[in-house]
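One structure is given here, and the rest of the page talks about it.
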Amino acid sequence: MNFSEVFKQTNQLCKVSPDGKYLATCVQYRLVVRDVSTLQILQLYTCLDQVSHMEWSSDSLFILCAMYNRGLVQVWSLEQPDWHCKIDEGSIGLVSSRWSPDGRHILNTTEFHLRVTVWSLCTKAVSYIKYPKACQKGIDFSRDGRYMALAERRDCKDYVCVFVCDDWHLLRHFETETQDLAGLEWSPNGCVLAVWDSCLEYMVLLYSLDGRLLSTYSAYEWSLGVKSVSWSPSSQFLAIGSYDEKVRILNHITWKKITQFEHPAIIDNTKATVYKEAEKRPGVGSDEMPLHNITMGATLFNTQSKYEICPLPVQIPVVKPDPDRASPKIGISVLAFSSDSRYLATKNDNMATAVWVWDMQKMSLEAVLEQTSAVRCFQWDPLRPRLALCAGNTKLYLWSPGGCVSVQVPTEGGFQVQSLNWHCSGDSLILLGKEQLCLCYMDTDQEDK
Amino acid sequence: MGEWWTTETSMENYEISSISHVTMSPSRRNNLVSMYSFPLSKSSYSVISAFCTEDNIPQCISYINQELASLGLSSTCIEAISPGGTGLSTVPALNAMYELLQIHRRSMCNLEELEREQLRKSSTLEHIQMSNTRLKDQLELSIREKSGLHETERQLQLKIKTLQSCLKTEKDEVQKLQSVIASRASQYSHDAKRKEREAVKLKERLSQLLIDRKDKKLAIDVLNCLGRADGKRRHWKTTKATSSHEDEMYKSLLSDYEASQRSLMLENAELKKVLQQMKKEMMHILSPRQPSTRGATADDSQEQADLDGEAKGGDASRESLDQYCEHAREQLTNSIRQQWRKLRNHVERLDSQASQAQNQLESNKEVIPRETHEDEMERMRCEVQQCREFIHAQQQLLQQQLNTSFDDETAALLNDCYTLEEKERLKEEWRLFEEQKRNFERERKNFTEAAIRLGREKKAFEEDRASWLKNQFLNMTPFTHRRRYSSSDGQSALSIRSEPEIRMSSVKSQLAKSSTYTTFSTPRPSQSAPVPSTTELYRTLRLIPDSSSSRHSNRGRWPECSNIEDGETLVRPKNRLRSGGMSIFSLGEDENSFT
């Protein structure tokens, strides 16, 4: 495992192009494009203001930089550095900007969700979509990029519009049976649309592409409901995380619950492995390190840590949320399937230090990673069943079915990993600190062992 | 032996009489007391208070004799050597003294034994009392505990009641809160809708305003337009395009459905394969079992038939499996279901059998201890009951003993009277028995005497008859006269000679054995062989012994009948009361009659 040198970045704007060749980073108002392999700067663009959002087009030819506070979007071409494009939303304001899947259109959501403006870079044409709903996830493109689903709110009723992304033709427009639609997501095969209600009601609805209601699912009433929804890459499972600290798995044939994963504070499931991160000060003999621990390049002032396998039962630290505050820190906020749909990683907000890994074949708990600090982010390797996570400290953690490692990021000045992104090849990781970034290269041979 | 018995009986008599004195005539107690107190006064012997003086010796003797007689020692009578003299005849006096001493020692022994008994009883009584008090304490303690438990139970009941009321109020509260929540929710949704409408209005207004202002800034500034990613030109928005979108959508949906159907079909095929295999295995499992149990029950044979039918059906279904025929599939699943049911039944049966066997084992294991346990319990209960009765009786006795002012000896006698009464009864019976025995003895003697007499008479009669026959014979011969004298001489000589012999034998017959008779009487038949009647007569009279072989067998027959009948007629009137002793007696009588 190797680490690159540290680069500067702002707003954690750092993205690898979809083809995996380039790395774009924003430093204040500058956009820097590097070659991933050499990390040499290929292009340097200067934006009009500090960039709030940056995104690669699907063909890796263009980069979108949005400056929300000025209502501006600038697009840069990698092939033609001279080419430029500036979209000004004017006084109506801008809250969100994104590429359409074809990479030739830009969808801007105006302030107050007045409308969604669709700008075409081919024809300079502009079109509006009115009444978009301001919600958790109001727009979703199907994975093949052909369809876009948009949540709408008219006359206090929720609607879903399905557009054909080719020519923004409205394919379907139907009312959903939700009280207050909170999000929608296409299944990976693009044929089923999952729609869920806001946290006040536990309600998940499944629509076919042609707008037919396939099924509805509600686990309970009277309590805070859905917090997160995630499809498995195989479209076989729909995982629903809720405020009752449970994950429910629906199947794709009957859309009924197969199983539910609970997140108890005391783990006594004998099949699960509990890895507990144990910190130790440097100077303690490093030859005592067990098999599952690889601490690397320990600097003098950093603490080392290692994973220990805890004998069951294990008590996971629980933070009791304040019931009087809105959006309480409880329930499953993050769900992530591994690329082969074999594993599901979850995080329960009132057990912020633990990441739970579930085996979807055995439908049981596989492992629990208990960290010393709250987990900030975790992401699956796009090719292998390998989970990377960070906890806002100087360490990177990796889990795979074979074991668990904690890696010290060997950089000067206390690089604290706030977020991470896998390279699409799964060979490297981009670690993002507060104002820095660093690449971590996986030693493929070693990992194969 | 007779001596011992007499002493014994006299002793018993004494005891009995003394008890009867105590129990029946209280006036005699004074006598006894005086008698017992006599030794005490002996130490302070003085002429005045002395029992016997020079003057009153005869009176004393008579008095003592009286007393001795009252004690049952009537056999020994103290007498003065000479009437009016001072000396006593030593032998009876010493005998009396000896008897008295014996009595005294025996009574002392009894006393000692009784005292020991008394001690033991008192100690057990003490023990029982102690245990009684302990049990009482325990009882009290447990009663206290019980009351405590009652109290706690009451408290708990109270608690339960309060908790129940709490629960009720809580439930009410919950209901109330739920209604509150519902009303709030409706209120909230209403407000939300109102606000949303306002917001929508505002948005409309805002967008209208923005459009009206002709915002110059809203613009796109592109250096040169880009080509489409796919390189195609943009389509016109036509109905054709719309329909093509629809087509594409449906196509994608269709392909998705096809894919899912394919996967489902694959899965189905897999499952079917599994099903088939399962069926095959089930048949395999079920079929070898069949022959062993075939004919055991009609049910099994029916099962077998079903199975055969199913096997055919299964084959048929397998053939048509590839055709995905609905009917065949149904058949397959049905057959599988049936077989599964059968298998399950079988397994259940096995299970139940196993459990039964286990139960039996367990019950066997359990029954024996239970029985023994119950027996033990019963036994212990009986024991406890007995002990209780015993304790009760003892307590009563103790109470009596403590309460009544009897002196020790009287009390002891009283305590002893029960057993003594019994002894008395036994003695009585023994005496009766003895008497009967003596009677029998006497009768037997009489009978033997009678038999001897009869024998003698018979001999005399025989002799008479012989002489008579001789005379007859002599008279019948032509030389009657001549021969009469000689024969009479010979006869007389003979008779004289034979007479004492017979006499002696008859005298000795009481002691002599039957063998003496044989030596004596064998020559007789040879002599009197020409006269069969004589031998018959002899035989009748049992003077001629039977041959050794026929002797026993003849015994019960007619020859001895008369004799036995005689004996019986003699005995019967006396023995009619005791039919049980008859056989013994008659047998003994038989023997006697022979000797």
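For region A:392-433, the set of residues classified as aromatic (Phe, Trp, Tyr), in a strand (DSSP E or B) and either modelled with pLDDT under 90 or touching a Lys or Arg at 6+ places or on another chain (Cβ under 8 Å) (or both) consists of A:Trp399 only. Of the numbered criteria (1) aliphatic (A, V, I, L, M); (2) closer than 25 Å to A:Leu365 by Cβ; (3) crowded, with 22+ Cβ neighbours inside 10 Å; (4) within 14 Å of chain B (Cβ to nearest Cβ), the one A:Leu209 fails is (2).
Scanning region A:1-56 for residues that are under 30 Å from A:Val405 (Cβ atoms), aliphatic (A, V, I, L, M) and surrounded by fewer than 16 Cβ atoms within 10 Å (Cβ to Cβ) yields one hit, A:Leu39.
Taking strands (runs of 3 or more DSSP E) as the structural unit, those lying wholly within region A:219-285 and holding at least 1 residues that are of a type in the set (Phe, Trp, Tyr) correspond to A:226-231, A:237-242, A:257-262, A:273-280.
Among residues that are more than 14 Å from chain B (Cβ to nearest Cβ), over 28 Å from B:Ile211 (Cα atoms), among the hydrophobic types (A, V, I, L, M, F, W, C) and touching a Lys or Arg at 6+ places or on another chain (Cβ under 7 Å), A:Val27 is included.
So that you can scan it fast, the table gives a plain yes or no per residue for (1) within 24 Å of A:Asn251 (Cα to Cα); (2) among the polar types (S, T, N, Q); (3) in contact with a Phe, Trp or Tyr (Cβ under 6 Å, 6 or more places away or on another chain); (4) surrounded by 19 or more Cβ atoms within 10 Å (Cβ to Cβ):
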{"position": "A:Lys124", "(1), (2), (3), (4)": "no, no, no, no"}
{"position": "A:Asp158", "(1), (2), (3), (4)": "no, no, no, yes"}
{"position": "A:Thr176", "(1), (2), (3), (4)": "yes, yes, no, yes"}
{"position": "A:Ser187", "(1), (2), (3), (4)": "yes, yes, yes, yes"}
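Might you let me know whether region B:322-329 holds any residue that is modelled with pLDDT under 50 and either of a type in the set (Ser, Thr, Tyr) or surrounded by 15 or more Cβ atoms within 10 Å (Cβ to Cβ) (or both)? No, region B:322-329 contains no residue that is modelled with pLDDT under 50 and either of a type in the set (Ser, Thr, Tyr) or surrounded by 15 or more Cβ atoms within 10 Å (Cβ to Cβ) (or both). Which one is nearest to the other protein chains (Cβ to nearest Cβ) among residues in region A:125-169 that are acidic (Asp, Glu) and free of Cβ contacts under 8 Å to residues at least 12 places away in the same chain? Per the criteria, the residue is A:Asp167. Filtering region A:12-42 to residues that are closer than 13 Å to A:Ile63 by Cα and among the aliphatic types (A, V, I, L, M) leaves A:Leu13, A:Val16, A:Leu23, A:Ala24, A:Leu31, A:Val32, A:Val33. Note on region B:189-203: among residues that are surrounded by 12 or more Cβ atoms within 10 Å (Cβ to Cβ) and either farther than 15 Å from A:His113 by Cα or among the small types (Gly, Ala, Ser) (or both), the one that is nearest to the chain's Cα centre (by Cα) is B:Ser189. Within region A:193-202, at least one residue is under 30 Å from A:Thr123 (Cβ atoms), within 14 Å of chain B (Cβ to nearest Cβ) and crowded, with 18+ Cβ neighbours inside 10 Å. In the condition set (1) at pLDDT 90 or above; (2) under 30 Å from B:Leu397 (Cα atoms); (3) not basic (Lys, Arg), B:Trp468 is compliant with all but (2). Being hydrophobic (A, V, I, L, M, F, W, C), closer than 25 Å to A:Leu150 by Cα and crowded, with 21+ Cβ neighbours inside 10 Å is the requirement here; does A:Val229 meet it? Spelling it out, A:Val229 is indeed hydrophobic (A, V, I, L, M, F, W, C), closer than 25 Å to A:Leu150 by Cα and crowded, with 21+ Cβ neighbours inside 10 Å. Take the conditions (1) within 14 Å of another protein chain (Cβ to nearest Cβ); (2) under 48 Å from the mean Cα position of the chain (by Cα); B:Thr124 misses just one of them, which is (1).
Across region B:205-249, the number of residues qualifying as facing another protein chain (nearest Cβ under 9 Å), modelled with pLDDT of 75 or more and part of a helix (DSSP H, G or I) comes to 9.
The values are calculated or read from the model by the stated rules, or taken from the named source; none is laboratory data. Quick caveat: nothing in here was measured; it's all calculated off a predicted structure. So basically every Cβ, Gly included, is an ideal-geometry build from the backbone, and we count neighbours across all protein chains shown.
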